[in-house]
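> Below are the structure tokens for one structure; questions will follow.
Taken together, the values in this text are just the output of simple stated rules run on the coordinates, not laboratory data. Here the structure is a predicted model, which means the values were calculated and not measured. Glycine also receives a Cβ, built like all others from the backbone with ideal geometry; neighbour counts cover every protein chain displayed.
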Amino acid sequence: MNRLLTLFKSIQPISEEEQKFMSNFLFLESFKKGDNYCDKDKVCKKIGFVLEGVFRVVKIDEKGNEHIPYFTSEGHFAVAIESFTNKTTSDEYIEALTDCTVITITAEAYDLFEVKVLNFSKIINTLKEKAFIEKHKLKSEMLMDNAEMRYHKLVARNPTIIQRIAQNHIALYLGITPFTLSRIRSKK
């Protein structure tokens, strides 16, 4: 729980009393590879701060093809943010690609924190802004960069990811075939 509270405190102050209060509502969850953190067509009712592991966020197009807009790993949040915020069904699902451990904040706890923790809304707004900028940058890279550049940027951002998840997931994220990914990786 300390890693999450430390992150929050690095953004805005939180009193000892507020930290103790929050700790009562935070809990650890473990997921096996292949488990979903949030499901498509259901309301996402929790946010997970990833302590260990890698998740993929998956969207499915009208033809049934999967697309991976991004991965989320240690130090980041697993959440279908639109579904969680608007309390609507999710158009994506979040799947564990490795065994994962997260600190979970339920929707009920989140609502309580907004009322009882003085700077919680400011903290969340800062985190959402940071995530929005990060996702915008990723989207721009997907549109502007070639596959080789996208691969190198992925490795620079998360150097261990290529050893931790299946190559077909990386290829799907990059929008290329596994064969093309293999060719890019062999170019060193």
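> Which residues does the label zone of Asn24 cover in the range 106-137, counting backbone N under 20 Å from a point 7 Å along Cα→Cβ?
In the range 106-137, the label zone of Asn24 (backbone N under 20 Å from the point 7 Å along Cα→Cβ) covers 106-121.
> Please state the equivalent ellipsoid semi-axes for the range 145-188: what are the square roots of 5 times the Cα gyration tensor eigenvalues, largest first, in whole Å?
13, 12, 10
> Another question, if that's okay. Quick check on packing: order 70-83, 107-120 by the mean number of other C-beta atoms within 10 Å, highest mean leading.
Packing order, densest peptide first, comes out as 70-83, 107-120.
> So, one more: Using the Cα centre of the range 1-154 as origin and beta-carbon charges of +1 (Lys, Arg) and -1 (Asp, Glu), tell me which of Ile14, Asn36, Asn65 is placed farthest towards the positive end of the dipole.
Checking the options against the dipole of the range 1-154, the answer is Ile14.
> Sort out for me the Cα centre separation of the range 39-86 from the range 103-152, rounded to whole Å.
When both Cα centres are located, 11 Å separates them.
> Which FRET efficiency value, to the nearest 0.05, do you get for Lys122 and Phe179 by plugging their Cβ-Cβ distance into 1/(1 + (r/R0)^6) with R0 = 30 Å?
0.05
> Sticking with this structure for a sec: Rank-order 174-181, 92-99 by packing density, defined as the average count of other C-beta atoms within 10 Å over each peptide's residues, highest first.
Going from most to least packed, we get 92-99, 174-181.
> Answer rounded, prolate or oblate for the chain, using the Cα gyration tensor with square roots of eigenvalues a ≥ b ≥ c: rounded when a/c is under 1.5, else prolate when a/b is larger than b/c, else oblate.
Prolate is the answer for the chain, as a/c is 1.5 or above and a/b outweighs b/c.
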